[in-house]
1. What is the Cα convex hull volume of segment A:565-613 when expressed per residue in Å³?
2. Give me the inter-chain shielding for B:251-258: mean count of other chain Cβ atoms within 10 Å, whole number please.
3. In peptide A:382-391, what is the residue-averaged number of other protein chain Cβ atoms found within 10 Å of each Cβ?
4. Sort B:89, A:456, A:138 so that the residue with the fewest other Cβ atoms within 10 Å of its own Cβ comes first and the one with the most comes last.
5. Mind ordering A:516-526, A:408-418, A:487-497, A:271-281 by average Cβ neighbours within 10 Å, highest first?
6. May I ask for the angle, rounded to the nearest 10°, between helix A:391-415 and the longest principal axis of chain A, with both axes built from Cα atoms and the value confined to 0 to 90°?
7. Would you work out the relative contact order for chain A, in percent, from Cα pairs under 8 angstrom that are 6 or more residues apart?
8. Treating the angle as unsigned and between 0 and 90°, give the value, to the nearest 10°, between the Cα long axis of helix A:451-460 and the longest Cα principal axis of chain A.
C-alpha cells in the first residue's frame, strides 16, 4: 500500500471523530479498536490493495447509489418474532400443562403435516389439470385453423387467433394479480425465502393470495407465457401450511377452535417450511428435494424432528398427487406417476470420465448465460419499479408480452420450415404447417405445446428430431421471452423456462458433438439437453443442494447425480462472479431486510453502539395510559424496553441512557392490555387479572388491531398500567461493545426480533432490530468485495 | 390337438411365396406338401411320437411360418392382416403348452435351461404384434379348436379404410402419369391431373384416418398407419400435390404491429409515467451511520439525496 493511500485512510479515520464528540464515553474504546484494524477500509473499492485513485471517483460512484432501489431497505417490512415471550402468564400456563396436552399437541403436529401434504397435492393437481384443459382447447383451435388456412391463404386467422387467445387468457391472470393480490406475482420463492428467514412480508400467506396465485398461474401458463407453475406451487404449499395450522381463517372470520396452540410465529414458521417442501415435492415429484429446499432456504431454524415431519408432509403430497393423477390418467392406484413435471426416465444413462470436462464447460456457459439473464432482468425490473406502477399498466404489459410470445412462436414456425417425417404416433397430433403430407413441422412441435411437454420432448426425442436452426432460434427467442416475462404482474415460475432454454442449447451441444464425432455412442443429445438444463437453471437461480436433488429425482436417475452437481456448482461460481441469483436479486430490489447465512465479512470491528438505534422509546414498569397511547400512535416500533429510574422529561440524561432495564413489552401486548382495560385504577382490576390467560394475547394473532381502533376515555388516559406481569422478563440482551457478528449470529440463529443493548450499569442505551443489521451490506462484483450501508426508505 | 396334427402335415419348406404388396392374405393353400420330412421327426411314426417332441415340432413350424410371413410382409407393411393366421396358431400352441402346468412336458420344454428358447421366440412374436398395435385392426380372432382354422374379422373402420385406400389407389392407377411405383427413388413428377382427379379420394382417406386416430386413442394398427403414410408420401412427395403456402403480407403486417406495441408501451411509460419518489427515513443513531464510512464529500451527497 502506498504512503499516499495510507495518508488518505488516516484522514478518513480522523473524519469520523469530530462527528462523534458529544458521545465520548462510548466512543473511546471504539475508535481505538478501529485504529488497530485500519487495514480494512469500508470505502468502495479497496479491500485488496488498490488505493482509491482520487476522491472524486469515490464520490461519483456514491452519487448514483441512493438512486438504485437495491441499495435501499424498505421500511414496510417487519420481523417475525420467533422468541417466546416468557411472562408470568405464560409461565402460569406452562405450569398447568398435562402429559395429555403435550401428547395431543405432538399428534396434532403430525396431523397438520399430513393435511398440508394432502391439500398441497390436491391444489397441484387442480392447477395441472386446469392448465392441461385450457391449453389443450387453445392449441386445438389454433391447430384446426392452421390446417384449414394453410391451403386457403388465410394464415393470419390462426395467427390473430393465437395472439388473441394468449393476450385474453393472460389478461385474466394479470387482473387477478394486479387488482386481486399483487403479492401473488412472480414465483413466490423469494417471498417464501424471506418468510423463512424471519421477515413478515405483508399478505404473503393469506388465502386471498392463494386464490389469486392459483388462478393466476393457470392463466399465465395456459396463456402461453414463458413461465412454469412450480414456483407458484411452492408458494401455494406455504400458504396452505400457514392457513391449515392456524385452524381458522381471519379473512372469512371462521374459527374452527382447533390448533389454538399453533398461533405463534414460531409454530407457524415450522409449518410453512413444511408447506414449501410439500409444494416442491408436488411440483417436481421430489420429496427429498423438497425437504432440502426448505433446509437450504430457511435453514437457520432447524431440528431433526422438524425435518422428519417436513419429509412426511412432502411424501404425503407426492402420494396424493400420484393417486389423483392415476385416476385422471385412467389407471387407478397405479402410483408410478410422481410429480407434475416428470422429466421422463432416462433409461439409457451412460457417461464416461472424459465427458466431465465437457460438463464443466457447459457449466461455465450456463453460468455466463445465467448472469446475462439476471442482468437483463435486473435492468428491466428497475424500469418496472419506476415507471410501470399503475395496475392497468401492469395488466397491459402482461398482455403485450403474451401477444409477443404468440407472435414469436408463429413467426418462427412460419419462417423456419423444419420438416421431419412422422415417425411414431405421439400423444398429440403434430402440426403439419407447410410440410408435405407425411411430415410435421418440428418448430411447430416445440411452440405448440405447454412448456413442460416441450421439455420432455427435448430430453427424450430421438437424435435428429430437431434442426439446428430450430433449436438455435428457439433458445434465443425463449431466452429473451423468459427474461422479459419474469417480473410481470402474473404468477410465474422460473424453473421450467430455464430448463427449456438450457435443454435447447444443451441439445444443440449434443448435436454438435454428434457432428464432430460421428459413430460415437456417447453423443446422446438427450443427455446433453439435461446437462444444459441443469447448467442454465444453476446459472439463473444459483441454488445448490436442493436443485441437484430435484433434478436427480425428477429424472429418476441417480447416476447423473455427479454431472448435475458439477454443472450446478460451476454455473453458480461463474454466475456469482458477475451478479447474484435472480431470487436474491429480487429480494434486494424489494428492499427486504434479509439476513444472510453469515454476518458480512469485515464487520467485526463494528460494535453494538454503531449498530443500534439510539434514542430508545422506553416505558416504565408502571406506565401512564396516556403516554402509552401517544407513544404507540407516534412510533412504529414493535418492542419497547421496560425500565425503572426513567424520566421522560429529563432530556439531558437521555443523551446517554434510558434507565435500568427490566424487560421487553410488545406493541400487541400493550394494545391487548389497553383493550381489556387492565388499569390499576380500574375497580375490578383483580378480577380481570385473575381471568387473564395467555390465549387472550394469542387470539388476535396475526392481525392485531391498530392503536387507532382502541377507544380510551380521557379519564382513563390518566390511569396507569402495571406492565410487570406481562413483560418478557428475560429477553436477549447484548452489551454495548458486542461486535456486529455476535449480534448477527444471535439474530440469525434464534430468529429474534429485538435485542436490547445495555451498558455496564444495566442501563438501556439502544435497541437492535433486523433492519439495523441488514443495512450492512457486502457487495461482490468481479472479484471485489466491499461493504456499505443501506438506507431505509418509505415506499 | 387335431389342429396341430393338421398343421404338421404341412410342409416346413415353403415354396414360392407370392404376396402382393396390397396385403394379400397369407394363404395356406399356397403351401404345397411337396417335399417330405427330412427330419428325425419323420423317422418316428406319427402315432407313437413323443407328445413333447410333437409339441416342439408344431411350435417350431408355426413360429417359422410366422417369421417368414413377417419378413415377407414387412415392406409394404401388412403384418397384421397378412400374418394373423400364423400368429394366432403359433401363440395358441405356446399357450396350450404353457397352460399344461404340472405336466412334465411343460417343465421339460419351458423351464429346463437358461435360454428358454420357446418362451423367447413366443415373446418376440408377441412384441412384434403389440408394437404394431395389430389388435386394433381386428374385431375378433378365434381359432377353431377342432379344425385348427383361424377366423378373424376386421373392424369396420379398417374395412372402410381399406375401401378408401383401394379407391384412391385405383384412381391413381387410372390417371395417366400418376402410376408411380412405390418406393421408387428419385422420381418427382408433378402431375396436376392426378392431383385434381384424385383429391376427393385422398381427402376422404385422410379424413377417415383422422377419425380412426382419434377413436383408437393413437393406437392405430400399423397396417393402416403404413398405408396412410405411403399414400401421403406419394401424394406430397412424388406427385407434389399438396400445396401448402402462407400469405406473407398479412403475417408480416401483424408481426410488425405486434413488435411496435412494446416499444410504444415502454417509451410512453418512460416519458409520461411518473417515477416513484422514495423518501429516506432518518434513522435514529447514536452516530450518524453513512457519514461514518465514506470520504469527506459524502456528507453533502447523502444530504442531497435525502432532500430530493
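1. In segment A:565-613, the Cα hull volume divided by residue count equals 118 Å³.
2. The per-residue average across the peptide is 6.
3. 4
4. A:456, A:138, B:89
5. On the way: A:516-526: 14.4, A:408-418: 21.2, A:487-497: 28.4, A:271-281: 34.7.
With the highest mean Cβ count within 10 Å placed first, the list reads A:271-281, A:487-497, A:408-418, A:516-526.
6. That helix lies at roughly 20 degrees to the long axis.
7. Taking the mean separation of contacting Cα pairs over the length of chain A, I get 18 percent.
8. Helix A:451-460 sits roughly 60 degrees off the main axis of chain A.
Read the figures in this text as sums done on the coordinates, not as results from a lab. A quick note: this is a predicted structure, and the numbers were derived from the prediction, not measured. Here the Cβ is made from the backbone with ideal geometry for all residues, glycine too, and neighbour counts use every protein chain on show.
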